[in-house]
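Okay, structure first, notes after.
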Amino acid sequence: MIPTPHINVSEQGIIAETVLMPGDPLRAKFIAETYLENPVQFNSVRNMFGYTGTYKGKKISVMGSGMGMPSIGIYSYELLNFYGVKNIIRIGSCGAIQEDIKIRDIIIGMSASTTSNYASQYNLPGTFAPTASWPLMKKALDIAENKGISVKVGNILSSDIFYDDEPEVWKKWARMGVLAIEMEAAALYMNAARAGANAICILTVSDSLVSHEATSAEERQTSFTNMMEIALELA
C-alpha cells in the first residue's frame, strides 16, 4: 500500500486495530514509553508521533491527533479508512463548565455537541448527533468501576474556537447541561460513524471555566494517569 499524506506507513499490520489518540504527540510518546512493551515508532510526519507496542499481551497503537477537528479529522480518517483501525479512543483534556466538576475529574463524552460545520460534508437532511460507541462506553464504565475511579458521563462541546470573541458564551452551553469543552470529539465520532467503526472520548479536566483553576502543560502531558489506564484497559 502507498503511505497516506500524513502517516508514513506502507503496509498493513504495523498499526493495531485499536489506537489511543491524545491530542499532544508528546503525550503519545509518554504513553508508549511508560506503558507499552517494546514500542516501535511508526510515524513522525509533521512530528505527529505514532507508536505500536503491547499492553498486557495485547497489541495497541498510540498516536497524536493534533488540536481541533480538522486535525483529528485527517488522522482518524486515514487510520479508519486506510489502515484497518476499528477502534479509536481519544484521551484528552477539557475545560469544565459545571460547578460540580473539578480539576482532574474524568469525563466520558457520551455525545458531542459542536460549533463546527464538519457534518455538512454528509449532506444530511437534518442535524446529526455525534455519539460515542456504546460497546466502548459500557466497557470503559465497567473498567472505571473496577478500578474505583469516579467518572462523569454526558454531553461535551467540541468547539472550533479556543479564544472566543464572546468569552462567556460557554454559559449558554452550561445551561443545556453540557459538562465540558474540548475541540476534537465530534469529528472523531462522525468519522467513526461513517466508517462503521468505534470511537470514544475520555477526558481529564485540565481547567475550569467556573472556578478558573488550571493545570500546567507538563501536568497535562504526564500526570493524567487514571484516564490513560482506563484507555489502555479498554483497548
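The values are calculated or read from the model by the stated rules, or taken from the named source; none is laboratory data. These figures come from a predicted structure and were not determined experimentally. All Cβ positions, glycine included, derive from the backbone under ideal geometry; neighbour counts span all protein chains shown. Note: accessible area is taken over every heavy atom of the protein model, side chains too, but ligands, DNA and RNA are not part of it. Shrake-Rupley method; radii C 1.70, N 1.55, O 1.52, S 1.80 Å.
Here's a check for you: in region 88-100, which residue that is open to solvent by less than 30 Å² (accessible area, probe 1.4 Å) and more than 11 Å from the chain's Cα centre (by Cα) is nearest to Ile7 (Cα to Cα)? That would be Gly95. Strands (runs of 3 or more DSSP E) fully within region 1-113 that include at least 1 residues being touching a strand residue (DSSP E or B) at 6+ places or on another chain (Cβ under 6 Å), among the hydrophobic types (A, V, I, L, M, F, W, C) and touching a residue at least 24 places away in the same chain (Cβ under 8 Å): 18-22, 37-43, 58-63, 87-96. If the condition is being touching a Ser or Thr at 6+ places or on another chain (Cβ under 6 Å) and either under 18 Å from Thr18 (Cα atoms) or acidic (Asp, Glu) (or both), then region 153-181 contributes only Asp160.
Exactly one residue out of Ser150, Ser216, Ser206 is out of contact with any Leu (no Cβ under 9 Å at 6 or more places or on another chain), open to solvent by 70 Å² or more (accessible area, probe 1.4 Å) and at negative phi: that is Ser150.
Scanning for something of a type in the set (Val, Ile, Thr) and surrounded by fewer than 17 Cβ atoms within 10 Å (Cβ to Cβ), does region 118-131 turn up at least one residue? Within region 118-131, one or more residues are of a type in the set (Val, Ile, Thr) and surrounded by fewer than 17 Cβ atoms within 10 Å (Cβ to Cβ). The residues listed here are Gly13, Gly57; of these, the one that is out of contact with any helix residue (DSSP H, G or I) (no Cβ under 6 Å at 6 or more places or on another chain), open to solvent by less than 60 Å² (accessible area, probe 1.4 Å) and either under 25 Å from Met183 (Cβ atoms) or not aromatic (Phe, Trp, Tyr) (or both) is Gly13. Taking region 77-87 as the range and being under 15 Å from the mean Cα position of the chain (by Cα) and farther than 12 Å from Leu20 by Cβ as the test, the residues that pass are Tyr77, Leu80, Lys86. The single condition among (1) under 13 Å from the mean Cα position of the chain (by Cα); (2) closer than 25 Å to Lys59 by Cβ; (3) assigned to a helix (DSSP H, G or I) that Glu229 does not satisfy is (1).
Among the residues making up region 185-203, those that are out of contact with any helix residue (DSSP H, G or I) (no Cβ under 6 Å at 6 or more places or on another chain) and either open to solvent by 50 Å² or more (accessible area, probe 1.4 Å) or part of a loop (DSSP other than H, G, I, E, B) (or both) are Ala193, Arg194, Gly196.
Restricting region 153-184 to residues that are assigned to a loop (DSSP other than H, G, I, E, B), surrounded by 12 or more Cβ atoms within 10 Å (Cβ to Cβ) and not polar (S, T, N, Q), the residue that is nearest to the chain's Cα centre (by Cα) is Glu184.
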